[in-house]
1. Give the residues of segment B:90-113 that are closer than 16 Å to B:G47 by Cα and of a type in the set (V, I, T), sorted by residue number.
2. Could you count how many residues in segment A:108-125 are within 14 Å of chain B (Cβ to nearest Cβ), outside any strand (DSSP E or B) and touching a residue at least 40 places away in the same chain (Cβ under 8 Å)?
3. For the structure I just gave you, tell me whether A:A18 is in contact (Cβ under 8 Å) with a residue 24 or more places away in the chain, of a type in the set (G, A, S) and not in a helix (DSSP H, G or I).
4. Tell me which residues, restricted to segment B:113-144, are outside any helix (DSSP H, G or I), without any contact (Cβ under 8 Å) to a residue 60 or more places away in the chain and either more than 7 Å from every other protein chain (Cβ to nearest Cβ) or small (G, A, S) (or both).
5. Are there any pairs, at least 6 apart or on different chains, whose C-beta atoms fall under 7 Å, with the first in segment A:173-184 and within 13 Å of A:I83 (Cβ to Cβ) and the second surrounded by fewer than 23 Cβ atoms within 10 Å (Cβ to Cβ) and aromatic (F, W, Y), and if so, which?
6. Taking segment A:59-70 as the search range and keeping residues that are part of a loop (DSSP other than H, G, I, E, B) and in contact (Cβ under 8 Å) with a residue 24 or more places away in the chain, which one is farthest from the other protein chains (Cβ to nearest Cβ)?
7. Does segment A:228-242 include one or more residues that are modelled with pLDDT of 95 or more, assigned to a loop (DSSP other than H, G, I, E, B) and either within 16 Å of the chain's Cα centre (by Cα) or surrounded by 24 or more Cβ atoms within 10 Å (Cβ to Cβ) (or both)?
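The values are calculated or read from the model by the stated rules, or taken from the named source; none is laboratory data. Worth saying up front: this structure is predicted, and the values here are computed from it rather than measured. Every residue, glycine among them, receives a Cβ derived from its backbone with ideal geometry; neighbour counts consider all protein chains shown.
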Amino acid sequence: MSDNSIRNKPFHQAMTEAISQEMERDDSVLCLGEDVGPIGGVFQSTAGLHARFGEERVMDTPISETGIMGVALGAAAEGLRPIAELMFVDFMGVCFGQIMNEIAKVHYMSGGAVKLPMVITASTGGGFSDAAQHSQTLHGLFAHVPGLKVVAPSNPHDAKGLMTTAIRDNNPVVYLFHKALMGLPVMGYVDAEIDNHVPQEQYAIPFGQARTVREGTDITIIGLSQTVAKAVVAGHKLAEMGISAEILDPRTLVPFDTEALLESVGKTGRLMIVDEDYLNFGMTGEITALIAERLDRVALKAPVRRLGIPGVSIPFTRPLELAAIPQADDIVNAAVELMKTHLR
Amino acid sequence: MSASQEQKLWMYKTMVLIREYEEHLATAYFEGKLPPAIQKGLAFDLGAGPVPGEMHLSAGQEPAAVGVCAHLKEGDSVWGTHRTHHFAIAHGVDLNRMTAEIYGKVDGLCRGKGGHMHLFDPKAKFACTGIVGAGIPQAVGAALAAKRRGENWVAIAEFGEGAANQGAFHEALNMAALWQLPVVFVCQDNYYGISTSKARSTSVASVADRASAYNMPGIAITENDPEAVFSAAGEAIERARNGGGPTLMEAKVFRYYGHYQGDQEVYRPKGEVEALKAQDPIARLAKKLKREGVLDDDQLADIKSGALTRIDEAFAFARQSEYPAREEAFQHAFAD
C-alpha cells in the first residue's frame with residue numbers, strides 16, 4: 001500500500017486514473033473522440049489509455065463531432081458506456097443537435113425505456129489568448145437542457161472521484177475540465193492551494209454535493225471549476241483585509257446542491273457568484289434566482305453580486321482577455337465593494 | 001438473393017398490415033381536428049382530437065421496410081425517422097403499444113411521452129428520431145457496440161433522401177466504412193424532402209452514388225418493389241453480418257400522403273399520386289402471387305381482413321388505455 005496521505009497528482013492524471021480503473025473494472029467502458037488515442041488527448045485527458053487498453057477501447061475518430069455524439073448515443077443504447085471526448089467545449093456547437101435533441105432527451109422521450117450511460121468530456125476555459133472559439137466555458141448551456149448532468153471539477157481529488165461517478169451514472173454526463181487546472185506544463189495556472197490528494201484506490205464522489213473550500217462568516221463566494229481557485233486566492237487577500245469569505249464549490253451544476261448554498265448564504269448574508277461562463281441567463285443568474293426564491297429562509301445583508309463574462313465574446317489580445325474574464329483581483333474588489341453596500 | 005415463397009408471403013402480409021394501418025390512422029387522425037369540433041376561427045387544430053400532433057404516414061414506402069426487415073434477426077436494430085411506421089411494424093414493434101403511444105396513452109411504448117416521431121421499443125430494438133438525419137450515426141454506434149461485444153448483430157439506418165444531405169449522413173458513412181461496421185444505410189427516395197423535390201435538393205440522381213465516396217458498396221433499387229429490395233438488402237445485410245462492412249442502398253418509394261396530414265401539397269404536380277398508385281407495389285405483388293398460384297382471391301381477402309382485425313385490436317387497445325397521470329410530465333428526465 002502506498003501512503004495515501006502524500007499521494008498528490010495533477011488533474012489530468014487523476015482524471016485518467018479514474019477512467020483507467022473503471023475500464024479495468026467494467027469491460028463496457030470505452031473512449032472515443034478527437035485525438036484520444038496514442039497522443040492521449042491534446043490536454044492529456046486520456047493519456048496512457050491507448051497503450052494500456054488498445055485501439056478497440058480507445059478510439060481516435062475523424063473530426064466529425066455530430067458523428068462522434070451519434071455513435072456514442074447508439075453505443076450507449078446498446079449497453080456500452082462510452083466516454084466521448086471533443087477536445088474543446090466550443091466544438092459542441094458543431095454537434096449540439098445530437099446533444100440537445102437526442103442524447104439529453106432519449107430517456108425522457110422513451111418514458112424511461114432507454115437509458116444512455118455515457119460521458120461527454122471537453123476542455124473549457126480561457127486565459128491563453130486562444131480567442132472566442134477556443135476559450136469558452138459553456139457549462140450553463142448544458143445545464144439549461146433537461147436530461148444532462150453537468151460536472152466541472154475544480155481540483156484533482158474531485159476530478160477523479162467525479163469521473164468515477166460520471167462513468168457509473170446511467171445518464172449522459174457532461175464532464176468539463178478547465179485547461180488551466182489540468183496541470184499541463186504548457187499552460188499558466190492560478191497559484192492557489194487546491195486539493196491534489198488523489199488516493200490510489202477507486203472512489204466515487206456523489207453528484208449534487210457541494211464542497212466548502214474555505215469557511216468564512218462575512219460573504220459567500222461561489223465559483224465553479226477554475227473560478228474556485230481564483231476565489232481561493234481572493235479569499236486570502238480578503239482575509240488580510242479583515243473580510244472573512246466562505247468559498248463554496250458546487251462541483252456539479254446538475255444536480256445542484258441548493259441546500260449547501262442556502263446554508264452558507266444563511267450564515268454570511270452576502271453572496272457573490274463568480275463564473276467564467278457568460279453572465280447573461282446562465283449559472284450566475286440561476287443561483288441568484290435560487291436565493292431570491294428563498295428569501296423567506298435566507299436574510300441578505302447586501303444585494304447579490306455576479307461576476308462573469310458580460311455579454312461579449314472572448315477577445316484574443318492578452319490585456320483584453322484578462323479584462324473580459326473575471327480574475328482574482330476582480331473578486332477582491334467586488335467583495336470589498338459589496339461589504340460597503342447595504343439593502344435599502 | 002431471391003425471396004422464398006414463405007418470405008414473399010410474409011412481405012405481402014406485412015405490407016398489407018402497414019398500408020391498412022396507415023390508412024386507418026389517416027382517418028382516425030382527423031377526428032376532432034376539424035370545425036365545428038375545434039375553436040372558432042381555426043380551420044384545423046393540430047393538437048386536438050385523440051391523435052394529437054403532427055402525423056407523417058408511410059403508405060407507399062412499404063417495400064423498403066419489408067424487403068429489409070425480412071432479413072433481420074434477434075439482436076438486429078433499426079434506427080428510424082419521423083416517417084417510420086412501416087419499419088416499426090416490419091421490425092416487429094408491439095403494435096398495440098405503438099398505437100397507444102401515437103394516442104399519447106400510458107400504455108404506449110414511451111408512456112405517451114414520445115409520440116409518433118419518437119417510438120422506442122428496446123425489446124424489438126427499434127428507435128427513431130424527429131430530427132432529419134440524426135439517427136444515422138446512432139445506428140453506426142449500435143453497430144460499433146455489436147462489433148465490440150462480438151455479436152453478429154446488424155444495425156439498420158433507415159431515412160429519406162432528404163437526410164442524405166445532412167452532415168450526419170456523411171460523417172456516419174465515413175466512420176462506418178473506416179471501421180468496417182455492421183450497418184446498412186437504407187435511403188428511401190420518396191421524391192420530396194417536405195416540399196422540396198430531390199432534383200432541387202440533391203446533387204446526385206441516386207444517393208447510392210455517394211457510396212463510392214466512402215469506399216463502400218452502393219446499390220440503387222430503381223423499382224418500388226419488395227422483391228428487388230429483398231434481394232439487395234439480403235446481400236448487404238449478409239455482408240455486414242459476416243464482417244464485410246457497411247452498404248448504402250437507395251430504394252425508390254412512393255409517398256402517397258403529404259409530408260404531414262393536413263399538408264395541402266401545392267408543390268405536387270396534379271395527378272402524381274394517382275399515377276404512382278397505378279403502380280402500387282402491394283397490388284402488383286398480389287397479382288404476381290395470384291399468377292404464381294401462391295394465393296387466390298379468398299386468401300387475399302383473408303389477409304386483408306386479418307390485418308384489419310389486428311389493427312382494430314391495436315386501436316381499441318390505444319383508445320381504452322388511460323392518459324398518464326399529470327405528475328409523469330415531471331418524471332424520467334433522468335434514469336436512476
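1. The answer is B:I102, and nothing else.
2. 3
3. Answer is no for this residue.
4. The answer is B:G114, B:L119, B:D121, B:K123, B:A124, B:K125, B:F126, B:A127, B:C128, B:G130, B:G133, B:A134.
5. Close Cβ pairs satisfying both conditions: none exist.
6. Restricting to residues being part of a loop (DSSP other than H, G, I, E, B) and in contact (Cβ under 8 Å) with a residue 24 or more places away in the chain, the top hit is A:I63.
7. Among the residues of segment A:228-242, not one is modelled with pLDDT of 95 or more, assigned to a loop (DSSP other than H, G, I, E, B) and either within 16 Å of the chain's Cα centre (by Cα) or surrounded by 24 or more Cβ atoms within 10 Å (Cβ to Cβ) (or both), which makes the answer no.
Conditions tested, residue by residue: (1) assigned to a helix (DSSP H, G or I); (2) out of contact with any Lys or Arg (no Cβ under 8 Å at 6 or more places or on another chain); (3) touching a residue at least 12 places away in the same chain (Cβ under 8 Å).
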{"position": "A:A132", "(1), (2), (3)": "no, yes, yes"}
{"position": "A:T137", "(1), (2), (3)": "no, yes, yes"}
{"position": "A:F142", "(1), (2), (3)": "yes, yes, yes"}
{"position": "A:G147", "(1), (2), (3)": "no, no, yes"}
{"position": "A:S154", "(1), (2), (3)": "no, no, yes"}
{"position": "A:H157", "(1), (2), (3)": "yes, yes, yes"}
{"position": "A:M163", "(1), (2), (3)": "yes, yes, yes"}
{"position": "A:A166", "(1), (2), (3)": "yes, no, yes"}
{"position": "A:N170", "(1), (2), (3)": "no, no, yes"}
